[in-house]
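Below: the structure, in structure tokens.
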Amino acid sequence: MTETALRICPLCEATCGLTVTIDDGRLTGARGDRDDVFSHGFICPKGASFAELDNDPDRLPNPLVRRNGVLTESSWDEAFAAVAEGLGGVVDEHGGTSVGVYLGNPSAHTIAGALYPPVIIRALGTRQVFSASTLDQMPKHVALGLMFGSPVAFTVPDLDRTDYLVVIGANPLVSNGSLATAADFPGKLRALRKRGGKLVVIDPARTRTAELADQHIAVRPGTDPALMLAIVHVLFDEGLVDLGKVADHVNGVDEVRAVAADFGPDIVADHCGVAAEDIRALAREIAAAETAAVYGRIGTSTVEFGTLGSWLVDVINILTGNLDRPGGAMFPLGATAPAPRPPKAGRGFRIGRWHSRVSGYPEALSEFPAAALAEEIDTPGDGQIKAMITIAGNPVLSAPDGDRLDRALDSVDFMISVDPYLNETTRHADVILPPPPPSQSAHYDFALNNLAVRNNARYSPPVLPAHGRPDEPEILSRIALLLMGIDAEPTAVDDQVIAMTLAKETADPTSPVAGRDVAELTAMLPQAPGYERRLDMMLRLGAYGDAFGTKPAGLTLQKLKETPHGVDLGPLQPRLTEVLRTPTGRIELAAEPLIEDAARLREALHRRADRFVLIGRRHLRSNNSWMHNVPALAGGSNRCTLRIHPEDAAELGLTDTAVVKGPGGELLAPIETTDGMRRGVVSLPHGWGHDRGGTGQELAARDPGVNVNQLNAGNQLDRLSGTAVLNGIPVDIAAPG
Ligand SMILES: Nc1nc2c(c(=O)[nH]1)N[C@H]1C(S)=C(S)[C@@H](COP(=O)(O)OP(=O)(O)OC[C@H]3O[C@@H](n4cnc5c(=O)[nH]c(N)nc54)[C@H](O)[C@@H]3O)O[C@H]1N2
Ligand SMILES: Nc1nc2c(c(=O)[nH]1)N[C@H]1C(S)=C(S)[C@@H](COP(=O)(O)OP(=O)(O)OC[C@H]3O[C@@H](n4cnc5c(=O)[nH]c(N)nc54)[C@H](O)[C@@H]3O)O[C@H]1N2
Ligand code: SF4
Ligand SMILES: [Mo]
């Protein structure tokens, strides 16, 4: 008999609601849930292959434990015993601070990834913390922190209401959007144009998003900060600055004007490869639009001046009066975010509170650069990483210089990977603890709901039973308990967090539960898995919550369960004063680290242009490194090819393949000529290079592709955020010979 169930898709940031079909206890299909309050039936090819991905025969059903050098299937008890012995041994000998932790991208999409890694890191007391953030959005965090005092005060474009959208270095028609959670991003862009709005895309490649746009500006890679400063220059120069409603909350406007003075359109035009007149026209149009939003993503982030670029996106939003107003760039308010408190001065945000051991990189958000992981493992000395825990990550392919990391991981005393697959990274583990597939896991978007272009809350309980297999919350809790030396049920971790949180909330006079009794509140949480108890607590303490009974109409987990298609919490609302946490209580438009970095950028304007620069791209039917093993997503065109302009290819005498040489290595890739590439710019996707052996992804290994990150030496970082430069890498291209 065919049954159906609802499940939010965890495969990208769009968080679409799916209706999955189940036959005989197995997932057999997935379609968009038309009644989902957020996605209204939208689905992409990845979501449509949810059942295949879930059933992938190469997913590990049981833990693997290294015995006599060989990863061998074991029981869960044996695996946890091996963790206790191996990790315990390293901690006893070298301390918890010698354990490195790497958190990968799917951690942002799972309940487990949101709730448990902080507990593990705290239990270890380690500062050797790394994540995919420094291969991705860390520049945005740092820019937000410096400007608003909170590194998670995300601004997102109000897609449904804007009249003018500038997309810089993002390709939402393929990625389905990032740091702006919007199911059916493509549909929202079409709707914008249909209602008479304008879409401008700034990207060195003519992407699908650029093809949809009214205007495509093919900027030279890595030069957007200069381009944006030129826009700022024009805004000041032509008297177009109008801060609108936020005018009384901004410091530093004059300093920004002074910085931009050096970046006139005529000065940056050559550097950016964009005509000065086009820059002026763009500035005038943004200023003149009824409402406008500038939105930047990977192309503004994983570049040399990533933090500057991320900052300037919002500088333009602010100077044109578009921050915090409908149709502009707004602050979402997720249902599990703490309920807004009265405005207050914060402690401000700082980077570099401590520095990495080997290269002295500043921490950002208590993390070191992922690009520095290998050196922290393979450089002997005090504080060297002796053991590793990877959770939902594949840094051997996703971070620069995978060969070095490959060797480094091989050398640690002990390594645990929490991952469903045996892959390029996890093959080095001594114990792999595989979480069950998504169908057997509950889902709530703790992180992404705070980035949604419309506020909403949706919860999916597990669709299928896990048959006695521990879920990921339990796996991570058991690791945490081992480290804390506590012999208790896994839910003890949740109980501890709940006790701590409620103690703090009840003692806070501005909390919705100020002065109440912790025991009474705890008793109101459901008899349910620990993560559900925590979710219920967070919802009830949140902006829309029932405040533990004081607001009976408010949200609880029970209410979410009764509304399986989700609760719509309405369009984004202005809320600047709630989010500001700078010491002055105002937006710091000209924070010192940014102004200093702008001076470095001024120097870079005169740098000689490289013959070729490499950028990345994504594929609609892929996701970073881990979806190349699903038949429905494999094959077809646009796989791991080097895209190059036909005239560049002809000049170099390229026919089928090209040798690409970068600062960190060289590789041979099949070429694909297209006039959609800017001359002098080539692109290769990441997440490929499945030819290392010893992995368990049979299909992926058959069509391995090449690892673009091997071209990267790993020492080029955005200075402020420690984010690896993954776009705009100088390369030499030649015919094989
Ligand atoms: N050159 C270049 N490199 C890039 C990028 C680029 O644009 N260009 N992009 C960067 C970006 S934006 C990112 S986010 C990173 C990603 O970097 P990573 O997060 O390190 O890599 P992924 O390929 O996303 O690996 C995800 C891992 O999680 C596992 N996994 C899947 N589902 C689950 C789950 O439910 N639980 C657990 N525990 N594990 C799971 C998969 O098997 C896989 O091993 O790559 C970065 N690397
Ligand atoms: N199908 C699919 N969806 C995904 C992923 C995937 O791998 N596949 N990955 C997910 C992840 S982890 C993330 S972080 C998001 C990323 O989401 P997006 O940022 O929307 O995705 P990208 O395709 O990396 O888009 C970056 C764009 O920047 C352009 N670019 C490169 N360098 C520059 C530059 O210097 N300046 C400018 N202006 N543009 C530049 C590239 O040509 C590219 O079109 O996508 C997510 N969604
Ligand atoms: S767009 Fe993202 S969330 Fe939606 S179905 Fe596709 S992969 Fe899933
Ligand atoms: Mo990402």
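The values are calculated or read from the model by the stated rules, or taken from the named source; none is laboratory data. Note that the structure is a prediction, hence the values are computed from the model and not measured. Counting neighbours? That spans all protein chains shown, and the Cβs are built from the backbone with ideal geometry, glycine included.
Out of all the residues in the range 525-543, which are in a loop (DSSP other than H, G, I, E, B) and under 24 Å from Leu18 (Cβ atoms)?
Ala528, Pro529
Go through the range 122-142 residue by residue and tally those that are in a helix (DSSP H, G or I) and free of Cβ contacts under 8 Å to residues at least 40 places away in the same chain.
Qualifying residue count, the range 122-142: 1.
Could you check the range 169-197 and list, in sequence order, the residues that are within 15 Å of ligand 1 (Cβ to nearest atom) and of a type outside the set (S, T, N, Q)?
Selection gives Gly169, Ala170, Pro172, Val174, Gly177, Leu179, Ala180.
Which condition does Asn715 not pass, out of (1) assigned to a loop (DSSP other than H, G, I, E, B); (2) buried (at least 17 other Cβ atoms within 10 Å of the Cβ), if it passes all the others?
If we test Asn715 against (1) assigned to a loop (DSSP other than H, G, I, E, B); (2) buried (at least 17 other Cβ atoms within 10 Å of the Cβ), just (2) comes out false.
So, in the range 602-615, of the ones that are surrounded by fewer than 20 Cβ atoms within 10 Å (Cβ to Cβ) and closer than 16 Å to Gly309 by Cβ, which residue ends up modelled with the highest pLDDT?
Arg602
Check whether at least one residue in the range 269-286 is touching a strand residue (DSSP E or B) at 6+ places or on another chain (Cβ under 7 Å) and not in a helix (DSSP H, G or I), and report yes or no.
Checked against the condition, which is being touching a strand residue (DSSP E or B) at 6+ places or on another chain (Cβ under 7 Å) and not in a helix (DSSP H, G or I), the range 269-286 yields at least one hit.
Just need a number here: residues in the range 219-238 that are touching a helix residue (DSSP H, G or I) at 6+ places or on another chain (Cβ under 6 Å), assigned to a loop (DSSP other than H, G, I, E, B) and within 15 Å of Ala281 (Cβ to Cβ).
Residues meeting the conditions: 1.
Quick check, is His249 over 27 Å from the mean Cα position of the chain (by Cα), surrounded by fewer than 23 Cβ atoms within 10 Å (Cβ to Cβ) and within 16 Å of ligand 2 (Cβ to nearest atom)?
Taking the combined requirement at face value, the residue does not satisfy it.
Could you list all residues from the range 91-137 that are acidic (Asp, Glu) and within 20 Å of Asn450 (Cβ to Cβ)?
Answer for the range 91-137, where residues must be acidic (Asp, Glu) and within 20 Å of Asn450 (Cβ to Cβ): just Asp136.
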